[in-house]
Amino acid sequence: MDFSIFYNLPTFSTLFSEINADMGNAQIWLIIVVACLMLTIHGVAVLAIAGAFHSLDQHMQSKRIYGANFLSYFIAILLIVASHLGEIVAWAYLCVALKVFPTNPQTFYFAGEMYTTVGYGSYSLSESWRILPIIISFSGIFAVSMSGAAMYSMMGTLLGHPNQKNQSNRDAVTD
């Protein structure tokens, strides 16, 4: 194998400065900071939702209230979905403020498709905004990953509980 092709590769510093010069848009750094803030806020929100679920679940288990924890799980799912929709709206508002697209509906569809990484539409971005879909997609991927991990943890808690009938039988045996 000929390894000489690797000798002509640019350094990371050179590549980064070329990409930065190609973008020619200082606002992109604002978008990167906003993406980091949004991920942080999303992570805290998901931790709060999962923490509330686990606290409520422990309380219901100690009171021997069975079945209500499934309702709290579905409420947690709705809250997590609402947080994702809120982030899509936040991306849309940011793109509207930066005048990435001429119309608001087009901006909202773009933000939603990039966040969910669907990529269905064909959007013509100016050269200075070519990196925007990558940033929005990465924020969506990581936000969905955090949400998935929290929902997996909550579902594991639900599935780890003995059902009401088995619990009643165990209580009768131990008395």
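Of Tyr7, Tyr66, Tyr73, Tyr109, the residue with the largest accessible area leads and the full order is Tyr7, Tyr109, Tyr66, Tyr73 (1.4 Å probe). Using a Förster distance of 22 Å, how high is the FRET efficiency between Lys99 and Ile19, based on the Cβ-Cβ distance and rounded to 0.05? That gives a FRET efficiency of 0.50. Averaging the sequence gap over all C-alpha pairs within less than 8 Å and six or more residues apart, then dividing by the number of residues, gives the chain a relative contact order of 29 percent.
If DNA, RNA and ligands are ignored and the probe is 1.4 Å, what is the ranking of Val81, Val96 by accessible area, most exposed first?
Val81, Val96
Each residue, Val34 and Ser128, gets one label point 7 Å from its Cα in the Cβ direction; the gap between the two is 1.4 nm.
Got a number for carbon plus sulfur as a percent of the chain's accessible area, 1.4 Å probe? Can you show the working numbers first?
Details: 7570 of 11150 Å².
It is 68 percent, rounded to a whole number.
Probing with 1.4 Å while keeping every protein chain in the model, the per residue accessible area of the chain equals 64 Å². When only alpha carbons are used to place a centre, the range 101-124 and the range 38-67 end up 33 Å from one another.
The values are calculated or read from the model by the stated rules, or taken from the named source; none is laboratory data. For clarity, every value in this text was computed on a predicted model and none was experimentally measured. Every residue, glycine among them, receives a Cβ derived from its backbone with ideal geometry; neighbour counts consider all protein chains shown. Only protein heavy atoms, including side chains, enter the accessible area calculation; ligands, DNA and RNA are left aside. Shrake-Rupley method; radii C 1.70, N 1.55, O 1.52, S 1.80 Å.
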